[in-house]
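The values are calculated or read from the model by the stated rules, or taken from the named source; none is laboratory data. Quantities reported herein were computed from a predicted structural model and do not represent experimental measurements. Virtual Cβ from ideal backbone geometry, glycine too; neighbours counted across all protein chains shown. Note: areas computed on protein heavy atoms with side chains; ligands, DNA, RNA excluded. Shrake-Rupley method; radii C 1.70, N 1.55, O 1.52, S 1.80 Å.
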Amino acid sequence: MSAPLREALIAGVEKVSAWADLLDRVNVFPVADGDTGRNLVISLSPLRLHEKDNDRIIQDLLFSARGNSGNIAAHFLSGFIRAASTGELGIRAAEGRDRAWKAVGNPLRGTMLSVFDELVEALNGENVLDAVSVPRIMKRLENSVKSTTELIPKLKSAGVVDSGALGMFIFFDGFFHAL
(Lines give C-alpha, C1' and ligand atoms only; values in the text may rest on other atoms or scores of the structure.)
Protein backbone atom coordinates (compact mmCIF):
# COMPACT_ATOMS: atom_id res chain seq x y z
CA MET A 1 0.00 0.00 0.00
CA SER A 2 1.26 3.43 -0.89
CA ALA A 3 2.13 6.03 1.75
CA PRO A 4 -0.76 8.32 0.68
CA LEU A 5 -3.25 5.47 1.14
CA ARG A 6 -1.83 4.63 4.58
CA GLU A 7 -2.06 8.29 5.60
CA ALA A 8 -5.65 8.43 4.32
CA LEU A 9 -6.58 5.36 6.40
CA ILE A 10 -5.10 7.01 9.48
CA ALA A 11 -7.03 10.21 8.73
CA GLY A 12 -10.22 8.15 8.55
CA VAL A 13 -9.57 6.53 11.92
CA GLU A 14 -8.72 9.89 13.49
CA LYS A 15 -11.96 11.37 12.21
CA VAL A 16 -14.00 8.47 13.65
CA SER A 17 -12.17 8.94 16.96
CA ALA A 18 -13.18 12.60 17.01
CA TRP A 19 -16.85 11.72 16.44
CA ALA A 20 -17.05 8.57 18.59
CA ASP A 21 -19.20 10.18 21.31
CA LEU A 22 -21.82 11.23 18.77
CA LEU A 23 -21.85 7.74 17.26
CA ASP A 24 -22.43 6.30 20.74
CA ARG A 25 -25.33 8.72 21.35
CA VAL A 26 -27.21 7.85 18.14
CA ASN A 27 -26.66 4.10 18.48
CA VAL A 28 -30.10 2.46 18.68
CA PHE A 29 -29.78 -0.44 16.23
CA PRO A 30 -29.63 -3.38 16.55
CA VAL A 31 -29.69 -2.55 20.29
CA ALA A 32 -29.41 0.82 22.03
CA ASP A 33 -26.21 -0.02 23.88
CA GLY A 34 -24.40 3.22 23.01
CA ASP A 35 -21.10 1.64 21.98
CA THR A 36 -20.76 1.97 18.21
CA GLY A 37 -18.29 4.86 18.39
CA ARG A 38 -16.06 3.13 20.93
CA ASN A 39 -16.30 -0.17 19.05
CA LEU A 40 -15.28 1.45 15.77
CA VAL A 41 -12.35 3.30 17.35
CA ILE A 42 -11.04 0.08 18.91
CA SER A 43 -11.73 -1.97 15.79
CA LEU A 44 -10.08 0.47 13.37
CA SER A 45 -7.06 1.29 15.54
CA PRO A 46 -4.75 -1.24 13.80
CA LEU A 47 -4.92 0.99 10.71
CA ARG A 48 -2.75 3.49 12.59
CA LEU A 49 0.22 1.10 12.54
CA HIS A 50 2.54 2.25 9.73
CA GLU A 51 5.28 -0.28 10.21
CA LYS A 52 3.17 -3.39 9.75
CA ASP A 53 2.44 -5.08 6.45
CA ASN A 54 -1.12 -5.45 5.18
CA ASP A 55 -1.46 -9.09 6.23
CA ARG A 56 -0.52 -8.24 9.81
CA ILE A 57 -2.82 -5.19 9.86
CA ILE A 58 -5.69 -7.33 8.56
CA GLN A 59 -5.04 -9.94 11.23
CA ASP A 60 -4.98 -7.22 13.89
CA LEU A 61 -8.19 -5.67 12.50
CA LEU A 62 -10.03 -8.97 12.71
CA PHE A 63 -8.74 -9.67 16.24
CA SER A 64 -9.55 -6.13 17.41
CA ALA A 65 -13.09 -6.07 16.01
CA ARG A 66 -15.70 -5.20 18.64
CA GLY A 67 -19.48 -5.43 18.26
CA ASN A 68 -21.42 -5.72 15.02
CA SER A 69 -20.10 -2.42 13.69
CA GLY A 70 -16.47 -3.29 14.35
CA ASN A 71 -16.83 -6.79 12.96
CA ILE A 72 -18.46 -5.60 9.75
CA ALA A 73 -15.99 -2.72 9.31
CA ALA A 74 -12.99 -4.98 9.92
CA HIS A 75 -14.16 -7.46 7.31
CA PHE A 76 -14.73 -4.65 4.79
CA LEU A 77 -11.29 -3.20 5.47
CA SER A 78 -9.65 -6.63 5.18
CA GLY A 79 -10.35 -6.32 1.46
CA PHE A 80 -10.18 -2.55 1.03
CA ILE A 81 -6.68 -2.06 2.45
CA ARG A 82 -5.23 -4.47 -0.09
CA ALA A 83 -5.37 -1.64 -2.64
CA ALA A 84 -1.85 -0.80 -3.77
CA SER A 85 -2.99 2.46 -5.38
CA THR A 86 -6.08 4.63 -5.77
CA GLY A 87 -6.72 2.90 -9.08
CA GLU A 88 -7.41 -0.34 -7.19
CA LEU A 89 -9.83 1.14 -4.65
CA GLY A 90 -12.95 0.17 -6.62
CA ILE A 91 -12.05 -3.49 -6.96
CA ARG A 92 -10.78 -3.70 -3.38
CA ALA A 93 -13.91 -1.95 -2.07
CA ALA A 94 -15.98 -4.62 -3.86
CA GLU A 95 -13.87 -7.35 -2.28
CA GLY A 96 -14.29 -5.77 1.15
CA ARG A 97 -18.01 -5.24 0.65
CA ASP A 98 -18.47 -8.92 -0.18
CA ARG A 99 -16.56 -9.90 2.97
CA ALA A 100 -18.59 -7.47 5.08
CA TRP A 101 -21.93 -8.88 3.91
CA LYS A 102 -20.74 -12.33 5.08
CA ALA A 103 -19.46 -11.07 8.45
CA VAL A 104 -22.81 -11.24 10.27
CA GLY A 105 -25.53 -13.84 10.44
CA ASN A 106 -28.37 -11.51 9.46
CA PRO A 107 -26.99 -8.76 7.20
CA LEU A 108 -29.40 -5.89 6.55
CA ARG A 109 -29.69 -3.01 4.14
CA GLY A 110 -29.88 0.26 6.00
CA THR A 111 -26.65 -0.34 7.90
CA MET A 112 -23.03 0.33 7.02
CA LEU A 113 -23.43 -2.48 4.49
CA SER A 114 -25.51 -0.08 2.37
CA VAL A 115 -22.72 2.49 2.59
CA PHE A 116 -20.26 -0.11 1.30
CA ASP A 117 -22.61 -0.99 -1.57
CA GLU A 118 -22.87 2.69 -2.50
CA LEU A 119 -19.10 3.17 -2.21
CA VAL A 120 -18.47 0.34 -4.67
CA GLU A 121 -20.90 1.85 -7.16
CA ALA A 122 -19.46 5.35 -6.68
CA LEU A 123 -15.85 4.22 -7.11
CA ASN A 124 -16.66 2.21 -10.20
CA GLY A 125 -18.19 5.33 -11.73
CA GLU A 126 -15.04 7.43 -11.22
CA ASN A 127 -11.80 7.11 -13.16
CA VAL A 128 -9.79 9.53 -11.03
CA LEU A 129 -10.05 10.65 -7.42
CA ASP A 130 -9.80 14.43 -7.44
CA ALA A 131 -11.47 17.62 -6.20
CA VAL A 132 -14.45 16.94 -8.46
CA SER A 133 -14.99 13.22 -7.91
CA VAL A 134 -14.48 13.10 -4.13
CA PRO A 135 -17.43 15.44 -3.36
CA ARG A 136 -19.61 13.34 -5.71
CA ILE A 137 -18.59 10.15 -3.91
CA MET A 138 -19.17 11.71 -0.50
CA LYS A 139 -22.62 12.98 -1.53
CA ARG A 140 -23.60 9.47 -2.57
CA LEU A 141 -22.37 8.09 0.75
CA GLU A 142 -24.22 10.85 2.63
CA ASN A 143 -27.45 9.96 0.85
CA SER A 144 -26.90 6.31 1.69
CA VAL A 145 -26.55 7.18 5.39
CA LYS A 146 -29.67 9.37 5.29
CA SER A 147 -31.66 6.52 3.71
CA THR A 148 -30.97 4.23 6.67
CA THR A 149 -33.74 5.96 8.61
CA GLU A 150 -36.26 4.86 5.99
CA LEU A 151 -34.93 1.32 5.70
CA ILE A 152 -34.97 0.37 9.39
CA PRO A 153 -38.15 1.16 11.35
CA LYS A 154 -36.31 1.32 14.70
CA LEU A 155 -34.14 4.15 13.34
CA LYS A 156 -37.16 5.99 11.99
CA SER A 157 -38.99 5.83 15.32
CA ALA A 158 -35.88 7.12 17.12
CA GLY A 159 -35.34 9.85 14.51
CA VAL A 160 -31.71 8.90 13.84
CA VAL A 161 -29.57 7.36 11.13
CA ASP A 162 -27.71 4.11 11.61
CA SER A 163 -24.67 4.84 13.78
CA GLY A 164 -22.46 2.30 12.00
CA ALA A 165 -23.35 3.75 8.60
CA LEU A 166 -22.63 7.24 9.92
CA GLY A 167 -19.35 6.01 11.39
CA MET A 168 -18.19 4.67 8.04
CA PHE A 169 -19.30 7.88 6.30
CA ILE A 170 -17.13 9.80 8.78
CA PHE A 171 -14.25 7.38 8.14
CA PHE A 172 -14.52 7.83 4.36
CA ASP A 173 -14.79 11.60 4.73
CA GLY A 174 -11.43 11.63 6.49
CA PHE A 175 -9.99 9.04 4.11
CA PHE A 176 -10.96 10.71 0.82
CA HIS A 177 -10.15 14.23 1.92
CA ALA A 178 -6.69 13.10 3.04
CA LEU A 179 -6.03 11.64 -0.40
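At-a-glance table
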| quantity | calculated |
| --- | --- |
| Selection count, the stretch 95-126, where residues are of a type in the set (S, T, N, Q) and either out of contact with any helix residue (DSSP H, G or I) (no Cβ under 8 Å at 6 or more places or on another chain) or on the phi > 0 side of the Ramachandran plot (or both) | 1 |
| Close pairs from the stretch 76-99: first under 15 Å from ALA3 (Cα atoms) and of a type in the set (Gly, Ala, Ser), partner assigned to a helix (DSSP H, G or I) and open to solvent by less than 50 Å² (accessible area, probe 1.4 Å), Cβ under 7 Å, at least 6 apart | ALA83/LEU5; ALA83/LEU89 |
| Residue among SER85, SER144, SER64, SER69 that alone is farther than 24 Å from LEU23 by Cα, hydroxyl-bearing (Ser, Thr, Tyr) and open to solvent by less than 70 Å² (accessible area, probe 1.4 Å) | SER85 |
| Cβ pairs under 9 Å, 6+ apart, first in the stretch 136-164 and at positive phi, second in a helix (DSSP H, G or I) and open to solvent by less than 60 Å² (accessible area, probe 1.4 Å) | GLY159/THR149 |
| Hits in the stretch 8-37 - residues which are at pLDDT 95 or above, under 26 Å from ARG109 (Cβ atoms) and of a type in the set (D, E, K, R) | LYS15 |
| Members of the stretch 1-30 found to be over 24 Å from ASP130 (Cβ atoms) and open to solvent by 70 Å² or more (accessible area, probe 1.4 Å), listed by number | ALA18, TRP19, ASP21, ARG25 |
| Hey, ASP117 over 20 Å from ALA20 (Cβ atoms) and either open to solvent by 70 Å² or more (accessible area, probe 1.4 Å) or in contact with a strand residue (DSSP E or B) (Cβ under 9 Å, 6 or more places away or on another chain) (or both) or not | no |
| Selection count where residues are part of a helix (DSSP H, G or I) and open to solvent by 10 Å² or more (accessible area, probe 1.4 Å), scope the stretch 152-171 | 8 |
| Enumeration of residues in the stretch 120-141 that are open to solvent by less than 20 Å² (accessible area, probe 1.4 Å) and over 11 Å from the mean Cα position of the chain (by Cα) | VAL120, ALA122, LEU123, SER133, VAL134, ILE137, MET138 |
| Identity of the residue in the stretch 31-58, in contact with a Gly (Cβ under 9 Å, 6 or more places away or on another chain) and not in a helix (DSSP H, G or I), that ends up most open to solvent (accessible area, probe 1.4 Å) | ASP33 |
| Counted residues, the stretch 89-113 - those being open to solvent by less than 60 Å² (accessible area, probe 1.4 Å) and in a helix (DSSP H, G or I) | 10 |
